[in-house]
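For reference, the structure is listed below as structure tokens.
The values are calculated or read from the model by the stated rules, or taken from the named source; none is laboratory data. Note that the coordinates shown come from a computational prediction; the quantities given were computed from them, not determined experimentally. In this analysis, Cβ positions are derived from the backbone assuming ideal geometry, glycine residues included, and neighbour counts consider all displayed protein chains. Quick note on the areas: whole protein, heavy atoms, side chains included, nothing else; ligands and nucleic acids left out. Shrake-Rupley method; radii C 1.70, N 1.55, O 1.52, S 1.80 Å.
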Amino acid sequence: MTLNVKERRNKTGIVLVATGEINSETSGSLLQTLLPLVREGRPLRIDLTAVTYVSSAGLRTLLVVYREAQHAGVAVTLYGVSEEVRFVMSATGFLDFFSTGEAEAAAAKTAAKTPAKTAAKAAR
Amino acid sequence: MSEPASEQVLRVDAYPTHEVGGYRVRAGKPFPFGANVVPGGVSFSVFSDQATSMTLVIYKRGEPEPTAELEFPQEFRTGSVFAMTVFGLDHENIEYGYRADGPYDPVTGHRFDARQVLSDPYARLIAGRDVWGVEPDRSRGYQYRSRVCLQDFDWGDDTPLGIPAEDLVVYETHVRGFTRHPSSQVTAPGTFAGLREKIPYLKELGINCIELLPVFEFDESDNPRTNPETGEQLFDYWGYNTVSFFAPKAGYAATGRYGMQGDEFRTLIKDLHAAGIEVILDVVFNHTAEGNEQGPTISFKGLDNATYYMLTPEGYYFNFSGTGNTVNCNHPVVRNFVLDCLRHWVADYHIDGFRFDLAAILGRSPDGTPLPNPPLLELLAYDPVLRHTKLIAEAWDAGGLYEVGNFPAYGRWAEWNGKYRDTVRSFLKGDPGVTGELATRLAGSPDLYSSRGTSASVNFLTAHDGFSLADLVSYNDKHNEANGEGNNDGGNDNASWNCGAEGPTDDPEVGALRLRQMKNALAILFTSQGIPMLLSGDEVARTQQGNNNTYCQDNELSWFDWSQVDENSELLRFTREMIAFRKRHRELRSTSHPTGQLRDTLGLPDISWHGERAWQPDWSAESRLLAVARCGTGDDDVVYAAMNSHWEAHDLELPALPGGRSWHLFADTGAEAPHDIRTPGAELELENAGKYLIGPRSVVILVGRTPDTEL
């Protein structure tokens, strides 16, 4: 099983769209792709919508990226985590480390309900 | 091969020197044993003293036949250790094993058979029984497959909690049984992840230590019996039949099918620690799943039978475990194996302590003789990595060695106090002649542990092995028919009493008495000195329908039924408050045995005994009433507990209290709920200061304090 990655850039940051499986065979090249992006210092979103399986080594790779990003002060968000992958990440504790798109969406929803002025204040 | 995040460090040993079977290899490092990921490859190291050759067998994950068989070159052997680094392996997608060749001569102890593929004794993961209860493909030549494991879990700031032993409240439970029942309502029933979802319940209960029945990989399907009534397959539910000592049981993990049981278990431990709960593992080093001459060859038998097992001069297996074989624990190589194993669980899983099944065997020499100064027990007591873990012995074995009170402790070992269990059970049912020994047990069994202190005694009334608390008060006899052994299995000396009817009954009086007896048991347990251990479910009257040996019952007989949390909320509340009470009163947790000496602050002794008359205990054979008063150190605390196992009520004269203190009622098991127990600190002052009527078969607990002071 292979892993394809595509990179998109927009005003808010970088989006990396992954397709396939993240395992011990594919995680090395994923890491090679992700680390330079982290070092750019812009918010990074990893879209896992088309990722069917993340193995133990794959989860570790994502965590390494997260730790590197933390070190560099860069926000990394996982996005589109499938139910099965989410279940595995939750049961093994990895989910606790990451911001996921759902949490981000929920936060955005809350922020939308908050008067703009207060939200801006909170953001500071 | 993935590059590390930081700059790649080039190492000389990252380059192959040889080629074997088409794979690039080099001599591995003998230590550590097992399979370890190294730059560019995986290093395999295995011990065998008598093997003439060793072959590493590699499978693609899940494939029935090997993809490679790599014989260790002779120059890769250091002493009796075969070590080889194999490059270019995808460590996540291989399974491995060994073929060891050597003499087959059972009389001299050797059972080498190069046709067998053997599990690595140091395998950190095992595949082959990935999901609980799935019928295995027994035609496969290699059943329990060793796997390579990454050991880089992110623990954050987690460290073992280091709760003082005397402050522990241990909760013995079973990973699967705790949440397998449909009523548990967890995401993944019967798993580490499921148990993790129940941490709030454990926290609310107030326990601060969970003791898990075996979690090392075992094969639940190795039980050949069926239920004679239903024909259903019986399992090895408890798991005291270890297949692999370094590997967490895959079938206990929701992610076992992905091989992520290690991370899932670590996450459970991390979260338990965050909730203030330590984790003790029940470990079984007395025997293995390989059984006797007729048993399967899994690992040790084929690698080095004569080293790992105690053998008779004729080459048969000594059976001090009652299960066919006995691990040769005091052989120097096996001692190190046990040590390595425990270090692994402490260092790599942050385990806080261990309870050793049939630990008396750990004190036997290779010929079975009990040793006066067993090197293994000493080794574990002083080991730097294990130094602050809890070590608890089940201080007896199936060979008749009973060492309760005499287990070689080296200042470290505690024991399951079987005498505490037997004495309190006997008192509870109303046997005569028990009161004197009851006093000794309540005071932390100074007769057994005079030099070791009270925390050497793990006090318990029930455990996985035997009746549950609800059954202890509901059955005179065991009812083990479902185990398929004609009711001949399980203990007969239960000291149980059915309160007037055998098993389920609609008689409200019997039901009320049973509930009271359970409260009595809990009240005594949590006011005794020593470490209390509660059997999971006893707080909600979990029943096993009279089965006192549910080792094979993977069903409602064993599982925690969560609907009982609501149904038996009265008992649950009682248990919670008793645990909270114990935490509040330091004198109940004193590490030193009480002496009866006066305490300066209050003018009361640290312990005093009373009967119907204050200061006059009745030690006669017919006495079924005993009261104990404890006086704290420094906090002017007084706790009085009266225990009446007589079928009649008695008037108690209460000892006078100094300094304006008066007696306040915390618990009276003879009272109707909610007056049976109060929240600690909110006890009710007695109207009649000097007297209290204790009901039939009841326990009364009072605290002495000034009326306006919350202790």
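What to note about this one:
- In this structure, B:VAL699 does not qualify as over 23 Å from B:ARG516 (Cβ atoms) and touching a residue at least 40 places away in the same chain (Cβ under 8 Å).
- Conditions (1) loosely packed, with under 15 Cβ neighbours inside 10 Å; (2) under 29 Å from B:LYS429 (Cβ atoms); number of the one not met by B:GLU653: (1)
- Filter result for B:ARG140 (within 14 Å of chain A (Cβ to nearest Cβ) and either open to solvent by 40 Å² or more (accessible area, probe 1.4 Å) or within 29 Å of B:HIS331 (Cβ to Cβ) (or both)): no
- Residues within segment B:157-168 that are part of a loop (DSSP other than H, G, I, E, B) and surrounded by fewer than 24 Cβ atoms within 10 Å (Cβ to Cβ), tallied: 8
- Filter result for B:PRO248 (open to solvent by 10 Å² or more (accessible area, probe 1.4 Å) and farther than 17 Å from B:ASP222 by Cβ): no
- Residue within segment B:495-502 that is among the acidic types (Asp, Glu) and open to solvent by less than 30 Å² (accessible area, probe 1.4 Å) present: no
- Qualifying residue in segment B:217-226 (condition: under 30 Å from B:GLY368 (Cα atoms) and assigned to a strand (DSSP E or B)): yes
- Boolean, B:ASN492 is without any contact (Cβ under 8 Å) to a residue 40 or more places away in the chain and within 23 Å of the chain's Cα centre (by Cα): yes
- Whichever residue in segment B:75-102 is open to solvent by 40 Å² or more (accessible area, probe 1.4 Å) and closer than 14 Å to B:PHE47 by Cα and, among such residues, is nearest to the other protein chains (Cβ to nearest Cβ): B:ARG99
- Options B:ARG576, B:ARG582: the member that is at pLDDT 95 or above, within 26 Å of B:ALA165 (Cα to Cα), open to solvent by 40 Å² or more (accessible area, probe 1.4 Å) and assigned to a helix (DSSP H, G or I): B:ARG576
- Scan of segment B:103-133 for residues that are under 25 Å from B:TYR252 (Cα atoms), more than 14 Å from chain A (Cβ to nearest Cβ) and either without any contact (Cβ under 8 Å) to a residue 12 or more places away in the chain or among the basic types (Lys, Arg) (or both), ordered by number: B:ARG129
- Only listed residue being touching a residue at least 24 places away in the same chain (Cβ under 8 Å) and more than 23 Å from B:GLU290 (Cβ to Cβ), chosen from B:ARG343, B:ARG335, B:ARG355, B:ARG364: B:ARG343
- The strands (runs of 3 or more DSSP E) falling completely within segment B:371-487 that include 2 or more residues that are over 24 Å from B:GLY322 (Cβ atoms) map to B:457-460.
- Subset of segment B:552-570 that is of a type in the set (S, T, N, Q) and open to solvent by 20 Å² or more (accessible area, probe 1.4 Å) - its residue that is nearest to B:GLY537 (Cα to Cα): B:GLN564
- Once segment B:431-453 is narrowed to residues that are within 27 Å of B:ARG697 (Cβ to Cβ) and of a type in the set (Ser, Thr, Tyr), the residue that is surrounded by the fewest Cβ atoms within 10 Å (Cβ to Cβ) is B:THR440.
- Look at segment B:137-164: where a residue is within 20 Å of B:ALA274 (Cβ to Cβ) and a partner is among the small types (Gly, Ala, Ser), sitting 6+ places away or on another chain with Cβ atoms under 7 Å, you get B:LEU161/B:GLY276.
- B:ARG115 being in a loop (DSSP other than H, G, I, E, B), of a type in the set (D, E, K, R) and out of contact with any Gly (no Cβ under 8 Å at 6 or more places or on another chain): yes
- In segment B:169-207, the residues that are hydroxyl-bearing (Ser, Thr, Tyr), open to solvent by less than 20 Å² (accessible area, probe 1.4 Å) and either part of a loop (DSSP other than H, G, I, E, B) or within 14 Å of another protein chain (Cβ to nearest Cβ) (or both): B:THR179, B:THR191
- Count of segment B:227-261 residues which are assigned to a helix (DSSP H, G or I) and of a type outside the set (Gly, Ala, Ser): 4
- Meets criteria (β-branched (Val, Ile, Thr) and open to solvent by 20 Å² or more (accessible area, probe 1.4 Å)) for B:THR226: yes
- Check on B:VAL385, buried (at least 20 other Cβ atoms within 10 Å of the Cβ) and hydrophobic (A, V, I, L, M, F, W, C): no
- B:GLU481 being open to solvent by 50 Å² or more (accessible area, probe 1.4 Å) and closer than 28 Å to B:ALA649 by Cα: no
- Matching residues, segment A:1-40, being within 12 Å of chain B (Cβ to nearest Cβ), of a type in the set (Val, Ile, Thr) and within 30 Å of B:ILE94 (Cα to Cα): A:ILE22, A:THR26, A:THR33
- Among the candidates B:VAL458, B:VAL424, residue that is at pLDDT 95 or above, out of contact with any Lys or Arg (no Cβ under 7 Å at 6 or more places or on another chain), open to solvent by less than 20 Å² (accessible area, probe 1.4 Å) and closer than 30 Å to B:THR591 by Cα: B:VAL458
- Residue in segment B:336-344 that is outside any helix (DSSP H, G or I), of a type outside the set (D, E, K, R) and open to solvent by 10 Å² or more (accessible area, probe 1.4 Å) present: no
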